[in-house]
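The next block holds one structure in the form of structure tokens; read it before the comments.
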Amino acid sequence: DALVREDRPRVSRRVLMAAAASLLLGTAGAGWLFRRSRGSLPAQVARDYRRLRSGDLPLEVHARRPADLEAFFRSRGISFRTRVPDLAMMRYRVEGGRDHTLGQRPSAFFVYSGDGGRTLVCQMYSGRLRHLPPADEVREHRGFRFQIYRQQDVTAVFWQEGETVCVLAGDFGEREVVALALEKAML
């Protein structure tokens with residue numbers, strides 16, 4: 001028996017600890033990638049956009065005037081200041097919105113339509129940019145930091161306005177979505 005035990009390969013405690021550490025790091029890394037790709041706010045914004053476009057996320061109110069939509073958000077108890085800009089000069093008209101949730105936070109969710117069937121979704125929520133995952137691209141413009149995320153076919157652009165985070169999302173061309181966000185941002 002002693003000779004058989006000597007002939008068996010022995011795994012040192014060091015090798016076992018290294019293997020356990022590698023497994024733990026690999027699991028943590030996979031979890032982080034999963035959260036970044038599926039559970040992150042940019043991924044949720046993209047899913048909400050697709051759900052709206054497919055008809056699975058209906059608007060609660062149809063309003064053509066930004067002031068009417070802002071009044072709707074106040075009536076629903078949205079505690080942060082919502083600003084629904086008039087984008088008519090950019091050839092987008094407000095269609096309506098809904099009292100929404102983004103990352104377990106209340107969100108003002110509103111929709112614009114543009115030429116050629118283009119749909120633009122804006123969401124606003126109380127939060128900070130620093131809580132977002134690393135962006136695919138960052139741009140600075142007029143004192144604002146824009147974090148740009150590419151989520152398959154949807155581009156989502158986040159920026160900070162006071163205590164509120166704004167996000168604009170669209171699937172009709174990254175350059176145009178980013179340009180609209182750069183124009184929409186206000187101090």
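The values are calculated or read from the model by the stated rules, or taken from the named source; none is laboratory data. Remember, it's a predicted structure, so these values are computed and weren't measured experimentally. All Cβ positions, glycine included, derive from the backbone under ideal geometry; neighbour counts span all protein chains shown. Note: accessible area is taken over every heavy atom of the protein model, side chains too, but ligands, DNA and RNA are not part of it. Shrake-Rupley method; radii C 1.70, N 1.55, O 1.52, S 1.80 Å.
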| request: Could you please give the count of residues in segment 64-87 that are touching a residue at least 40 places away in the same chain (Cβ under 8 Å) and β-branched (Val, Ile, Thr)? | output: 1
| Residue match in segment 20-30 (condition: open to solvent by 40 Å² or more (accessible area, probe 1.4 Å), modelled with pLDDT under 75, closer than 30 Å to Ser107 by Cβ and in a helix (DSSP H, G or I)) | yes
| query | Among all residue pairs at least 6 apart or on different chains, which show Cβ distances below 8 Å where the first residue, located in segment 152-181, is outside any helix (DSSP H, G or I) and the second is open to solvent by less than 10 Å² (accessible area, probe 1.4 Å) and among the basic types (Lys, Arg)? | reply | Cys166/Lys184; Leu168/Lys184
| said: I'd like to verify a number: residues in segment 39-97 that are in a loop (DSSP other than H, G, I, E, B) and either open to solvent by less than 90 Å² (accessible area, probe 1.4 Å) or within 22 Å of Gln160 (Cα to Cα) (or both), how many? | reply: 18
| said: With the requirement that a residue be open to solvent by 30 Å² or more (accessible area, probe 1.4 Å) and farther than 18 Å from Ser113 by Cβ, what does segment 154-173 give you? | reply: Gln160, Gly162, Glu163
| request: State whether the residues of segment 109-124 include one that is out of contact with any Gly (no Cβ under 8 Å at 6 or more places or on another chain), aliphatic (A, V, I, L, M) and open to solvent by less than 10 Å² (accessible area, probe 1.4 Å). | output: yes
